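Student: The structure under discussion is supplied below as structure tokens; questions concerning it will follow.
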Amino acid sequence: MFNAHTEALQQGFQLLFLFGFAIQAKAREMLDKLKIPTTYVAMTPDVVMSDLLKTSRSSEIFSITGLPDVRLKDAGHKPDGTALHQVEVLGLDIFRPDTMETDSIEAENLPCWMLDTNYNGMVFCASQVFFPKTKAWDNLQKSLKGEFNDSVWEHLAGTVSEPFALGDKRRIAVKVIDDRGNELMVVKSAEGAK
């Protein structure tokens, strides 16, 4: 990434596009610190398979990429004085390489979002999971054959997490899954809490 950035600076380019199969959260953070506006474009693995896969006009070699818009905020304290936080998912901005446009998806229209309350920078461990877009809650409630408070279902379909204490890593990660099954993640440190 740094070699490409250096070469782009030397050549006087105004934009830099990085193509790859996956990007780590730390690497994504570094993109924002480069002197040239840099966009990461995720490619699907079929690019390296040559003639092994069928190709058609509808086949795309690039998948969309994007960044969840989240807010880490204070949520009071436990009785022992431990600070509590909450995450609110505001939406998702995605770049579509097929149209070269950016689309915004409201939080209520996301199929799934997950929260890791102690992200270590290597492994994502979901501690809270939400399904805002699903209409399956009525069927699930009928299948369980029980009476549940409506607030339970509203919470599972929500865009705000339960209050939590930050772990020793002092940072969280939020992973969003869009309609096409793309997993898009953002990391926030405790300093980002408001």
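The values are calculated or read from the model by the stated rules, or taken from the named source; none is laboratory data. Nothing here was measured: the structure is a model prediction, and the numbers come from that model. We place every Cβ from the backbone using ideal geometry, glycine too, and count neighbours over all the protein chains shown. In case anyone asks, the SASA skips ligands and DNA or RNA and just uses the protein heavy atoms, side chains included. Shrake-Rupley method; radii C 1.70, N 1.55, O 1.52, S 1.80 Å.
Student: Would you tally the residues in the range 70-92 being within 20 Å of the chain's Cα centre (by Cα) and open to solvent by 70 Å² or more (accessible area, probe 1.4 Å)?
Tutor: Result for the range 70-92: 1.
Student: Please work out which residue is farthest from PRO111 (Cα to Cα), limiting yourself to the range 154-166 and to residues that are surrounded by fewer than 17 Cβ atoms within 10 Å (Cβ to Cβ) and in contact with a strand residue (DSSP E or B) (Cβ under 9 Å, 6 or more places away or on another chain).
Tutor: So the residue we want is ALA165.
Student: Scanning for something part of a strand (DSSP E or B) and open to solvent by 30 Å² or more (accessible area, probe 1.4 Å), does the range 118-126 turn up at least one residue?
Tutor: Checked the range 118-126: no residue is part of a strand (DSSP E or B) and open to solvent by 30 Å² or more (accessible area, probe 1.4 Å).
Student: State the number of residues belonging to the range 93-113 that are of a type in the set (A, V, I, L, M, F, W, C) and open to solvent by 30 Å² or more (accessible area, probe 1.4 Å).
Tutor: 3
Student: Still on this model: So, GLU147, is that one modelled with pLDDT of 90 or more, open to solvent by 80 Å² or more (accessible area, probe 1.4 Å) and either within 30 Å of MET43 (Cα to Cα) or not in a helix (DSSP H, G or I) (or both) or not?
Tutor: The answer is no for GLU147.
Student: Still on this model: When you go through (1) assigned to a loop (DSSP other than H, G, I, E, B); (2) touching a Ser or Thr at 6+ places or on another chain (Cβ under 7 Å); (3) of a type outside the set (A, V, I, L, M) one by one for ASP93, which number turns out not to apply?
Tutor: Every listed condition holds for ASP93 apart from (1).
Student: Still on this structure, I have one more. Can you find, within the range 1-38, the residue that is nearest to GLU183 (Cα to Cα) among those that are among the basic types (Lys, Arg) and loosely packed, with under 11 Cβ neighbours inside 10 Å?
Tutor: LYS26
Student: Next question, about the same structure. Hey, VAL152 hits all of (1) of a type in the set (Val, Ile, Thr); (2) modelled with pLDDT under 75; (3) in contact with a helix residue (DSSP H, G or I) (Cβ under 7 Å, 6 or more places away or on another chain) but one; which does it fall short on?
Tutor: The single condition VAL152 does not satisfy is (3).
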